[in-house]
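The values are calculated or read from the model by the stated rules, or taken from the named source; none is laboratory data. As the structure is a prediction and not an experimental result, all values here were calculated from the model. Counting neighbours? That spans all protein chains shown, and the Cβs are built from the backbone with ideal geometry, glycine included. With ligands, DNA and RNA removed, areas are computed over all heavy atoms of the protein, side chains included. Shrake-Rupley method; radii C 1.70, N 1.55, O 1.52, S 1.80 Å.
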Amino acid sequence: MSDYYSPVAEFYDLVARTHGEGELKLRERLRLLDPAGGPVLDIGAGTGRTTLAVAETVPDVEILAVEPAPAMRAMLMNMVVRDPALSRRVTVIAEPVENLTLPERLGAVIAYGVLGHLDFEARQRLWRSLLPRLSSGAPIFVELLPIEKPMQLPTLPLASATIGRRSYTATLDGEPGEGDIMRLTSTWVTTGGPSPPQTIRNTSIWHTFGLDDLARETGLRAERLSQQAGVLYV
Ligand SMILES: C[S@@+](CC[C@H](N)C(=O)[O-])C[C@H]1O[C@@H](n2cnc3c(N)ncnc32)[C@H](O)[C@@H]1O
């Protein structure tokens, strides 16, 4: 598994995702979840945004937060250890999801921003392992890029923030690769304060598909929650 996230992990939370529509819809649906269904699996938990959304909306449920990128996991772990309630409920897992022996029952799965890093075969293996473990009615929440076919993307603004004396500006570029692949490059320019300007470029690979493709792959029904988020269920 390639680690696309550690080189730019320090910038991850400067992109305004928190309280975006995908997260608000996720929280709305999680409030309806029966905690008795079993642990919630957060695949690609990142710096903890989705893990926190589960913890704050589903009382007492156990959370398995899977995050293989060391720098992202360091931030996730920091969030968990600072809160005794989270430390009791959240297990942080360093292996990629495809290497795990999952618990027999899962009450829900969150896969926000991650499934496009798995190719078709890896997703098939994931579904074979996940689907038999889902408790009755357990939802799989997904957030995807709104790009269903490889294409040339114009340069898009990604983030703009000032932290102390430093200003951070990021853009995103995308170009088609082989097959279903998009090559996404984020460029982070940091200026100001006592250190010289810095530019960091980071390229990752995203396999393009849409919510309907996931419904076909899993045999589940799909409901769109926002432009980028959706839920799959029996
Ligand atoms: C875009 S981030 C999403 C973080 C978080 N879910 C959110 O929405 O803020 C995707 C995360 O998935 C992780 N990831 C990539 N491949 C993975 C895999 N095979 N298994 C588990 N996590 C993976 C990456 O390390 C990264 O932190």
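Output the number of the condition that H19 fails; it satisfies all remaining conditions of (1) exposed (fewer than 14 other Cβ atoms within 10 Å of the Cβ); (2) more than 17 Å from the chain's Cα centre (by Cα).
(2)
Suppose we filter A69, A9, A65 for residues that are within 17 Å of the chain's Cα centre (by Cα), at pLDDT 95 or above and more than 27 Å from L232 (Cα to Cα); which single one remains?
Numbers: A69 fails: more than 27 Å from L232 (Cα to Cα); A65 fails: more than 27 Å from L232 (Cα to Cα).
Exactly one residue qualifies, and that residue is A9.
Residue-by-condition table, conditions (1) under 27 Å from V231 (Cβ atoms); (2) over 18 Å from the mean Cα position of the chain (by Cα); (3) of a type in the set (S, T, N, Q):
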residue: D119; (1), (2), (3): yes, no, no
residue: E178; (1), (2), (3): no, yes, no
residue: S186; (1), (2), (3): no, no, yes
residue: T191; (1), (2), (3): no, yes, yes
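Would region 102-123 turn up any residue that is in a helix (DSSP H, G or I) and more than 12 Å from the ligand (Cβ to nearest atom)?
Looking through region 102-123, at least one residue is in a helix (DSSP H, G or I) and more than 12 Å from the ligand (Cβ to nearest atom).
Starting from region 175-188, take each residue that is aromatic (F, W, Y) and list its partners that are modelled with pLDDT of 95 or more, counting only C-beta distances under 6 angstrom and pairs at least six apart or across chains.
Here the result reads W188/F11; W188/A170; W188/I200, each pair linking region 175-188 to a residue that is modelled with pLDDT of 95 or more.
Quick check, is A85 outside any loop (DSSP other than H, G, I, E, B), modelled with pLDDT of 95 or more and crowded, with 23+ Cβ neighbours inside 10 Å? Working first, answer last.
On the way: outside any loop (DSSP other than H, G, I, E, B): yes; modelled with pLDDT of 95 or more: yes; crowded, with 23+ Cβ neighbours inside 10 Å: no.
For A85, the condition - outside any loop (DSSP other than H, G, I, E, B), modelled with pLDDT of 95 or more and crowded, with 23+ Cβ neighbours inside 10 Å - is not met.
Here is a list: S167, S129. Which entry is assigned by TED's automatic domain parsing to the domain that holds R221 and open to solvent by 30 Å² or more (accessible area, probe 1.4 Å)? Break it down stepwise before answering.
Numbers: S167 fails: assigned by TED's automatic domain parsing to the domain that holds R221.
Going through S167, S129 in turn, just one is assigned by TED's automatic domain parsing to the domain that holds R221 and open to solvent by 30 Å² or more (accessible area, probe 1.4 Å): S129.
Restricting to region 67-82, what's the tally of residues that are open to solvent by less than 40 Å² (accessible area, probe 1.4 Å) and near the ligand (Cβ under 10 Å from one of its atoms)?
Of the residues in that region, 6 qualify.
Are there any pairs with C-beta distances below 7 angstrom linking a residue in region 88-100 that is of a type in the set (D, E) to a residue that is open to solvent by 30 Å² or more (accessible area, probe 1.4 Å), with the two at least 6 apart or on different chains, and if so which?
Taking only residues 6 or more apart or on different chains, the pairs are E95/P68; E98/R125.
Filter region 132-146 down to residues that are open to solvent by less than 50 Å² (accessible area, probe 1.4 Å) and away from the ligand (no atom under 12 Å from the Cβ), then give me how many there are.
Total satisfying the criteria: 5.
How about region 40-66: which of its residues are in a loop (DSSP other than H, G, I, E, B) and buried (at least 21 other Cβ atoms within 10 Å of the Cβ)? Steps first, answer last, please.
Looking only at region 40-66, we keep the residues that are in a loop (DSSP other than H, G, I, E, B), and these are 44-48, 58-62.
Residues satisfying the conditions are G44, A45, G46, T47, G48, V58.
From the residues in region 147-158 that are out of contact with any Ser or Thr (no Cβ under 7 Å at 6 or more places or on another chain) and assigned to a strand (DSSP E or B), which one is least open to solvent (accessible area, probe 1.4 Å)? Don't jump to the end; show me each part of the working.
Residues of region 147-158 that are out of contact with any Ser or Thr (no Cβ under 7 Å at 6 or more places or on another chain), as a first pass: 151-154.
Filter once more, keeping what is assigned to a strand (DSSP E or B): 153-154.
Numbers: L153: 27, P154: 85 Å².
Top of the filtered list is L153.
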